[in-house]
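The values are calculated or read from the model by the stated rules, or taken from the named source; none is laboratory data. Everything numeric in this text was worked out from a predicted model, so none of it was measured. For neighbour counting, all protein chains shown are included, and Cβ atoms are generated from backbone atoms with ideal geometry for every residue, glycine included. The area values use the complete protein model at the heavy-atom level, side chains included, leaving out ligands, DNA and RNA. Shrake-Rupley method; radii C 1.70, N 1.55, O 1.52, S 1.80 Å.
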Amino acid sequence: MSLTRRLVNRLKLKHWALLSALADTPTLNQAAALINVTQPSATKMLADIEQAFGFAIFERHARGMRPTALGLEVVTYARHTQASLDRFLEGMEVRRRGGHGQLVFGAIMGAAPDLVAAAVADIKRERPRLGVRILGETSDQIGVLLERHEIELAVGRFAGPLDHNKFDFSALSDEPLRIVVRSGHPLSERRRIGWDELVRWPWVLQTLTSPARLMLEDQFAQAQVSSPEDVIECSSIFATLQLLQSGDAIAMLPESVVRDHVRASLLATLPVAVGQDMKAFGILTRKNEVLSDVAAAFVGHLQARAQAKSQAASAVSA
């Protein structure tokens, strides 16, 4: 019997759900709990799966299980299909309740208060019952979500040197960055500040895998100063803003994120140029995949908003 026939005859959705769970947890016991079955049932299911494929999916170790070379391809496919199935079922549930589908996408925090919020408002005016979910906050986070098929598209930038092999990219806008502190911070009234002084203060930084953090580390290197020693790593924009207002930390954030806080005198921008070499953010999609009707419409709104923003900026500078 062919492999295709064996898989069709023997494997059910629960088997694929188990493989998807095993992609994210090293033990069969934890995976069983994730899909609400007992460990003996999960053990039998895994045996059925490996028998159907005709090769070992996992190697057993003292600390858990590790996919074999072929098994890694299987569990990766299972995770992708499970994520796609979950999005499909969520969309169907929305439609069953009288809605009009589901849009699940990722967005970096710098784009969310500006282009993304406006584009979401646009598509919700067209489709009031559309379910919308926004995930992630940094480019490395949304890249993982996109690769796992947990989102259909993302607004961000390439986070790794090989991302161009996996994703298509269409630029939307630049993302001006600002160095900010709380209002009343000892540095807030200074007209000139050097990087050598800035790094002596505490900082709230994104993780080292994010493009913005990598760019800032390059800025430290160009200024010939060491990275700050007193650091909190945080990818949450809300938490970062709260940390800034609660102490003397410094952070680098997108201008669109801090604009209202600066106007309300909650934060102050320091006179430090940063991020001139930061590449534009844009729309990321998986290669060789056609977007759904809803996602394509949303992309149209994003592009229209980005063009209007560019034209407005050109008019102001003219």
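Some observations on this one:
- Filtered residues of the range 223-280 (kept if at positive phi and touching a strand residue (DSSP E or B) at 6+ places or on another chain (Cβ under 6 Å)): 275
- Residue pairs whose Cβ atoms lie under 7 Å apart, separated by 6 or more positions or on different chains, with the first residue in the range 121-139 and within 17 Å of residue 210 (Cβ to Cβ) and the second surrounded by 12 or more Cβ atoms within 10 Å (Cβ to Cβ) and of a type in the set (Lys, Arg), are 139/157.
- Of the candidates 130, 135, 46, the single residue that is in contact with a His (Cβ under 9 Å, 6 or more places away or on another chain), under 30 Å from residue 283 (Cβ atoms), modelled with pLDDT of 80 or more and not β-branched (Val, Ile, Thr) is 130.
- Inter-residue pairs, beta-carbon under 6 Å, first more than 16 Å from residue 253 (Cβ to Cβ) and in the range 214-231, second surrounded by 15 or more Cβ atoms within 10 Å (Cβ to Cβ) and of a type outside the set (Gly, Ala, Ser), 6+ apart: 223/195; 225/195; 225/199; 227/220; 230/202
- Selection of the range 196-219 for residues being surrounded by fewer than 16 Cβ atoms within 10 Å (Cβ to Cβ), modelled with pLDDT of 90 or more and within 22 Å of residue 279 (Cβ to Cβ) yields 217, 218.
- Flag for residue 104 being part of a helix (DSSP H, G or I), in contact with a strand residue (DSSP E or B) (Cβ under 9 Å, 6 or more places away or on another chain) and open to solvent by less than 20 Å² (accessible area, probe 1.4 Å): no
- Test set (1) at pLDDT below 95; (2) touching a helix residue (DSSP H, G or I) at 6+ places or on another chain (Cβ under 7 Å); (3) under 16 Å from residue 202 (Cα atoms); (4) open to solvent by 30 Å² or more (accessible area, probe 1.4 Å) - residue 223 fails condition number: (3)
- Residue within the range 270-287 that is more than 22 Å from the chain's Cα centre (by Cα) and at pLDDT 95 or above present: yes
- Members of the range 188-200 found to be touching a strand residue (DSSP E or B) at 6+ places or on another chain (Cβ under 7 Å) and either outside any helix (DSSP H, G or I) or under 19 Å from residue 137 (Cα atoms) (or both), listed by number: 188
- Filtered residues of the range 151-173 (kept if in a loop (DSSP other than H, G, I, E, B) and within 25 Å of residue 132 (Cβ to Cβ)): 151, 152, 157, 158, 159, 166
- Flag if residue 89 is modelled with pLDDT of 85 or more and open to solvent by 50 Å² or more (accessible area, probe 1.4 Å): no
- Sole exception among (1) over 20 Å from residue 303 (Cα atoms); (2) touching a helix residue (DSSP H, G or I) at 6+ places or on another chain (Cβ under 9 Å); (3) exposed (fewer than 14 other Cβ atoms within 10 Å of the Cβ) for residue 133, by number: (1)
- Here the range 136-150 is the region considered, the condition is being in a loop (DSSP other than H, G, I, E, B) and open to solvent by less than 60 Å² (accessible area, probe 1.4 Å), and the residue that is farthest from residue 117 (Cα to Cα) is 149.
- For the range 233-260, the set of residues classified as hydrophobic (A, V, I, L, M, F, W, C) and surrounded by 15 or more Cβ atoms within 10 Å (Cβ to Cβ) consists of 234, 237, 241, 243, 244, 249, 250, 251, 252, 253, 257, 258, listed by residue number.
- Options 133, 129; residue that is among the basic types (Lys, Arg) and assigned to a loop (DSSP other than H, G, I, E, B): 129
- One residue alone among 153, 177, 172 is more than 30 Å from residue 57 (Cβ to Cβ), in contact with a Ser or Thr (Cβ under 7 Å, 6 or more places away or on another chain) and not hydroxyl-bearing (Ser, Thr, Tyr), and that residue is 153.
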